[in-house]
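Accompanying notes for the structure given below.
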Amino acid sequence: MKIRTDDEVVVISGKDKGKTGKVIRTDPKRDRVYVEGLNIVKRHQRPMPGRPNAPVGVIEKEGPIHVSNVAILDPKDRKPTRVRITRSEGRRMRVTTRSGTELD
């Protein structure tokens, strides 16, 4: 996956289309990303005997978004862009196609 944790992304389709946020977690096996404050889902949590400090009740948390529904924001002009991989001096670098800015 070309999107990693702490990347700034914009949602390009779905119920949160147009919103931006920071990637807090990735799931490469399922091609999903979790974006801070987006795709909020509610989960009902029972009390657990072994974990007294765990949250209880209706919990809101970020749900997964498919990686094809988000695009990385270009650091220069803050617009969505694609990412390509280039190799220089034996290192693998992520470069934005919009402005050519290195992400790593």
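The values are calculated or read from the model by the stated rules, or taken from the named source; none is laboratory data. In this text the structure is predicted, and so the values were computed from the model without any measurement. Ideal geometry is used to build each Cβ from the backbone, glycine not excepted, and the neighbour counts take in all protein chains shown. Note: areas computed on protein heavy atoms with side chains; ligands, DNA, RNA excluded. Shrake-Rupley method; radii C 1.70, N 1.55, O 1.52, S 1.80 Å.
Just name the residue that is nearest to V67 (Cα to Cα) out of those in region 81-103 that are in a loop (DSSP other than H, G, I, E, B) and in contact (Cβ under 8 Å) with a residue 12 or more places away in the chain. Give the steps one after another, and end with the answer.
Of region 81-103, the ones in a loop (DSSP other than H, G, I, E, B) are 82, 89-90, 97-101, 103.
Adding the requirement that they be in contact (Cβ under 8 Å) with a residue 12 or more places away in the chain leaves 82, 97-99, 101, 103.
Details: R82: 12, T97: 17, R98: 19, S99: 21, T101: 21, L103: 17 Å.
The residue in question is R82.
Those residues that are polar (S, T, N, Q) and assigned to a strand (DSSP E or B), I need them from region 1-27; list them, please.
Of region 1-27, the ones polar (S, T, N, Q) are 5, 13, 20, 26.
Selection gives T20, T26.
Being among the acidic types (D, E) and farther than 18 Å from V83 by Cβ is the filter here; which residues of region 28-47 pass it? Full working, then the answer.
Start the filter on region 28-47 by keeping residues that are among the acidic types (D, E), which leaves 31, 36.
Result: E36, single match.
From the residues in region 28-57 that are in a strand (DSSP E or B), touching a residue at least 12 places away in the same chain (Cβ under 8 Å) and open to solvent by 100 Å² or more (accessible area, probe 1.4 Å), which one is nearest to N69 (Cα to Cα)?
So in region 28-57, the residues in a strand (DSSP E or B) come out as 32-35, 40-45, 48, 51, 57.
Now narrow it down to the ones that are touching a residue at least 12 places away in the same chain (Cβ under 8 Å): 32-35, 40-45, 57.
Those left that are additionally open to solvent by 100 Å² or more (accessible area, probe 1.4 Å): 42-44.
On the way: K42: 21, R43: 23, H44: 27 Å.
Only one residue tops the list, namely K42.
From the list T96, T81, T101, pick out the single residue that is surrounded by fewer than 16 Cβ atoms within 10 Å (Cβ to Cβ) and either among the polar types (S, T, N, Q) or at pLDDT 95 or above (or both). Can you show your working first?
Details: T96 fails: surrounded by fewer than 16 Cβ atoms within 10 Å (Cβ to Cβ); T81 fails: surrounded by fewer than 16 Cβ atoms within 10 Å (Cβ to Cβ).
Result of the check over T96, T81, T101: T101.
For region 73-90, indicate whether the set of residues that are touching a Phe, Trp or Tyr at 6+ places or on another chain (Cβ under 8 Å), of a type outside the set (A, V, I, L, M) and closer than 17 Å to M1 by Cβ is non-empty. Break it down stepwise before answering.
Our first condition is that a residue be touching a Phe, Trp or Tyr at 6+ places or on another chain (Cβ under 8 Å); within region 73-90, this holds for none.
There is no residue in region 73-90 that is touching a Phe, Trp or Tyr at 6+ places or on another chain (Cβ under 8 Å), of a type outside the set (A, V, I, L, M) and closer than 17 Å to M1 by Cβ.
Can you name the residue in region 5-22 that is within 8 Å of the chain's Cα centre (by Cα) and touching a residue at least 40 places away in the same chain (Cβ under 8 Å) and is also most open to solvent (accessible area, probe 1.4 Å) among such residues?
So, considering only residues that are within 8 Å of the chain's Cα centre (by Cα) and touching a residue at least 40 places away in the same chain (Cβ under 8 Å), the one most open to solvent (accessible area, probe 1.4 Å) is E8.
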